[in-house]
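Working notes, structure below.
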């Protein structure tokens, strides 16, 4: 019996040693994988930063080379953003806040008209650009000054009526 129990202990010790070696191997492999993943992540991050910096530098050069086109693109992007932000008609009406009752009612059509006027003015200024920035800027300002002012007047009229309503309400509350 002693021989069997000593043989069993020897097998058990060998198994425990093998398991310990396997754990050490797995631990070493996990460390290697973690190191490789960290290096790849760092390299990807550095590549992304370098790409972003190169893209920003190229964008700056393009803006400096063609400022009128850059202004037109910025105006178009602003117009698109405004169209996305202004709610569309036909949706379920949300509860009206106090601010909304007194705020001017600028519609999507007003913003379309404004965007169209700006786009036409900038387009005219951009197509006549083949000179330095100052004359191009002067042409753009001139084109904007010659733009149809009915849209601007509509917006200003609404803003003025809102301001008048706010003043009347304030006077009522004070008396």
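Any read-out appearing in this document is the output of simple, stated calculations on the displayed coordinates, not a laboratory observation. Just so it is clear, the structure is predicted and the values come from calculations on it, not from any experiment. Counting neighbours? That spans all protein chains shown, and the Cβs are built from the backbone with ideal geometry, glycine included.
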### Message
Need the full-extension length gain, residue 172 to residue 106, defined as separation in residues times 0.36 nm minus the C-alpha distance. One decimal, nm.
### Response
21.2 nm
### Query
Which ordering of 36, 118, 155 is given by a fewest-first count of other beta-carbon atoms within 10 Å?
36, 155, 118
### Query
How do 6, 154, 161 line up, fewest other C-beta atoms within 10 Å first?
6, 161, 154
#### Entry: Cα→Cβ-extended label distance, 7 Å offset, between residue 5 and residue 70, nm
8.9 nm
